[in-house]
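The values are calculated or read from the model by the stated rules, or taken from the named source; none is laboratory data. Please read these numbers as outputs of a predicted model, since none were measured by experiment. No Cβ is skipped: glycine too gets one built from the backbone with ideal geometry, and neighbour counts run over all protein chains shown. The area values use the complete protein model at the heavy-atom level, side chains included, leaving out ligands, DNA and RNA. Shrake-Rupley method; radii C 1.70, N 1.55, O 1.52, S 1.80 Å.
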Amino acid sequence: MRLSILLLSVPCAIVVLAACNRDMPASTSPTIAPAHTVAMTTQHDEHSYAEPDKVRITDLALDLALDFDQRQLAGAATATLHWLDPRATQLLLDTRELTIDKVEGAASNGQWTPLQYALAAPDRILGSKLTIQMPQRNPAVRITYRTSPAASGLQWLQPSMTQGKQQPFMFSQSEAIHARSWVPLQDTPSVRFTYRAHVLAPKDAMVLMSAQNDAAAADGSAPRSGDYRFTMREPIPSYLLAIAAGDLVFQSTGKRSGVWAEPAMVGPAAKEFEDTEKMIEVAESLYGPYRWGRYDLLVLPPSFPFGGMENPNMTFATPTIIVGDKSLVSVVSHELAHSWSGNLVTMATWRDGWLNEGFTTYVQGRITEALYGKALADEEVLLAERNLQKTIGKMPENAQRLAPQPRRIDADDELSDVAYDKGSWFLRTLEQRFGREYFDAWLKGYFDHFAWHSITTEQMLANLKSNLIDKYPGKMSWDEVKEWVYGAGIPKDAPIPDSPRFDAIDKERASFLAGKIAADKLDAKNWNTQEWMYFLDRLPDVPPLAKMRQLDAAWHLTGTPNAEIGMRWYVHAIAAGDKAVWNAAAGHMTRIGRIYLTLPVYPAFAKTPDGLAFAEQTYAKAKDGYHPITRTAIERVFAKAQAKPRAGKTASK
Ligand SMILES: [Zn+2]
């Protein structure tokens with residue numbers, strides 16, 4: 001996933017614990033073992049009720065009807081079970097706001113017989129535990145159920161909220177723990193299963209899933225029948241289950257890649273993503289074959305809450321990365337990279353999220369470097385690292401760790417900038433110390449060794465110790481590794497890339513703020529998106545109003561169609577007290593539901609009573625176009641602003 005949720009959302013009650021010095025598992029084998037020898041993890045997942053050490057789902061068959069009017073998926077989920085504990089006689093599943101109509105077990109004669117079950121009262125974070133009594137330890141269970149119109153993992157859009165305005169649209173977002181709101185299952189990344197699905201929908205809706213899409217065919221030419229079948233032959237964790245339906249058409253971008261989008265968007269999207277096939281080839285040359293068959297992208301309406309979601313075979317992407325110059329396609333590199341880091345080798349629990357996001361952010365950078373050059377890759381690294389340097393010290397100590405101590409927070413909050421940017425920083429440090437030849441060989445071997453497994457931080461570290469740290473002594477000590485993974489903050493000697501272009505921008509910004517050069521004399525005509533982002537990111541938190549007006553007069557930032565630039569511009573202009581940008585900022589907030597680009601504008605407004613009132617009015621109008629996950633994040637901003645006395649307009653961050 002590519003997000004960047006600010007840690008605004010981390011509850012303050014997190015207990016700050018002393019630095020962790022846990023013992024590392026002893027390494028036993030200096031060579032890479034075949035994948036089948038990887039032990040199944042039994043790490044407890046505090047975000048799931050499931051007991052996968054007792055019984056595991058190995059395959060799921062979904063038979064669902066999709067109803068736009070009722071905003072509902074209804075039907076049956078049939079799970080094949082592998083019983084591990086000989087004493088186990090019950091199955092615990094995760095659900096959220098599901099109505100359970102019937103639960104049956106398969107008998108040896110092939111008949112289905114009713115089973116006793118109980119649905120517990122909902123927990124705010126985890127949802128409702130479904131306990132199924134299975135004294136016969138049946139090989140399969142079938143649950144007949146319906147979703148709620150408010151399911152946290154589904155968004156239902158009216159035709160007016162789509163680009164074409166003619167047909168309704170729906171899509172899922174299962175990561176982190178929202179799959180349970182549309183399928184009853186063991187909703188933990190430590191459980192992997194294959195799946196099949198049969199979906200009935202209105203005839204004019206194209207249905208797509210994170211699987212081989214039997215109906216759409218490779219060239220997207222299959223007719224819309226209203227009757228679709230899907231197969232995922234590889235074992236995936238539950239957060240990669242995905243579905244979308246709407247007026248979707250296909251355009252190819254290569255022999256195994258293409259774009260799905262609404263008709264008016266598919267051409268520009270295919271143009272923006274025309275390098276997808278080359279990205280796959282670069283990743284394969286570094287990390288071995290792409291093992292999933294096709295790689296297609298689905299461009300969602302602007303309410304999609306994230307940059308992208310790495311649903312296998314079908315990355316879901318925000319339209320905010322289609323800006324006409326490919327400057328934001330690193331989101332595609334990121335989601336593609338997950339085909340190795342995350343989808344192939346998966347974190348066992350959300351606490352191990354950096355194994356997905358840190359590794360993926362690192363691989364993303366390598367793809368960007370190979371295709372678009374080191375200068376751009378370094379600029380993207382610097383943007384992230386400078387931002388993390390600025391924010392990490394303000395986080396609770398435990399949240400600053402790659403592998404935090406257990407904490408009772410929403411799984412959505414486990415994936416912070418620390419997982420993405422400190423995680424990838426650690427890998428870049430390893431790369432620099434050991435050199436690309438040794439580091440790349442280790443990383444490729446790591447993906448091969450743990451392929452199709454879900455692993456803990458400690459399993460990854462044992463592999464790293466045997467196959468890199470101990471193999472090439474004197475490059476990095478084990479204490480340094482532990483400081484990166486279990487320590488707070490960023491180690492003092494963490495390497496930062498050079499960027500002469502960013503250095504020049506630092507000088508220009510300083511001269512401009514000091515009144516030595518006028519806004520229209522900035523060398524900004526040749527700045528790319530990343531360079532504008534860098535210029536704006538490092539303006540003072542509360543810049544002088546006159547300077548902001550000069551910038552706007554010279555470069556017309558208000559109303560920019562580039563949302564990365566827009567978000568940074570509005571945050572600073574609002575902080576400067578420039579009311580002239582308010583309406584355009586409201587337009588940005590209403591147009592875009594991607595959390596990372598819309599959420600930061602809200603706290604910028606919330607610093608003054610007038611601004612807060614304006615943001616609340618804007619939210620009331622924009623709310624219907626936001627995903628439930630976006631709404632939750634924004635409502636937390638309002639709750640926080642209302643909980644403390646309203647500061648004057650000179651308040652700084
Ligand atoms: Zn990601």
**Request:** Check SER327 against each of (1) small (Gly, Ala, Ser); (2) more than 14 Å from the chain's Cα centre (by Cα); (3) open to solvent by less than 10 Å² (accessible area, probe 1.4 Å) and name the one condition it does not meet.
**Result:** (3)
**Message:** Please determine whether any residue of region 314-322 is within 28 Å of THR194 (Cβ to Cβ), surrounded by 24 or more Cβ atoms within 10 Å (Cβ to Cβ) and of a type in the set (S, T, N, Q).
**Reply:** yes
**Complete:** Only one of (1) out of contact with any Gly (no Cβ under 9 Å at 6 or more places or on another chain); (2) modelled with pLDDT of 95 or more; (3) open to solvent by 50 Å² or more (accessible area, probe 1.4 Å) does not apply to TYR534, and that is (3)
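Condition check ((1) out of contact with any Cys (no Cβ under 8 Å at 6 or more places or on another chain); (2) of a type in the set (Asp, Glu); (3) part of a strand (DSSP E or B)) across all residues:
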position: ALA150; (1), (2), (3): yes, no, no
position: GLN163; (1), (2), (3): yes, no, no
position: MET170; (1), (2), (3): yes, no, yes
position: GLU175; (1), (2), (3): yes, yes, no
position: ASP187; (1), (2), (3): yes, yes, no
position: VAL199; (1), (2), (3): yes, no, yes
position: MET232; (1), (2), (3): yes, no, yes
position: ILE236; (1), (2), (3): yes, no, yes
**Asked** Out of (1) within 20 Å of the chain's Cα centre (by Cα); (2) in contact (Cβ under 8 Å) with a residue 24 or more places away in the chain, the odd one out for GLU262 is which?
**Response** (1)
**Prompt:** Can we say ASP214 is among the acidic types (Asp, Glu) and under 30 Å from THR456 (Cβ atoms)?
**Reply:** no
**Asked** Hey, among SER174, SER190, SER181, which residue is hydroxyl-bearing (Ser, Thr, Tyr), touching a helix residue (DSSP H, G or I) at 6+ places or on another chain (Cβ under 7 Å) and under 24 Å from GLY342 (Cβ atoms)?
**Response** SER174
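Conditions (1) under 20 Å from LYS278 (Cβ atoms); (2) of a type in the set (Asp, Glu); (3) in contact (Cβ under 8 Å) with a residue 60 or more places away in the chain, marked per residue:
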position	(1), (2), (3)
LEU328	yes, no, yes
SER339	yes, no, no
MET347	no, no, yes
VAL363	yes, no, yes
**Complete set of residues in region 388-435 that are within 16 Å of the ligand (Cβ to nearest atom) and among the acidic types (Asp, Glu)** = ASP412, ASP413, GLU414, ASP417, ASP421
**Asked** With respect to GLY515, is the statement that it is in contact (Cβ under 8 Å) with a residue 60 or more places away in the chain and assigned to a loop (DSSP other than H, G, I, E, B) true?
**Response** no
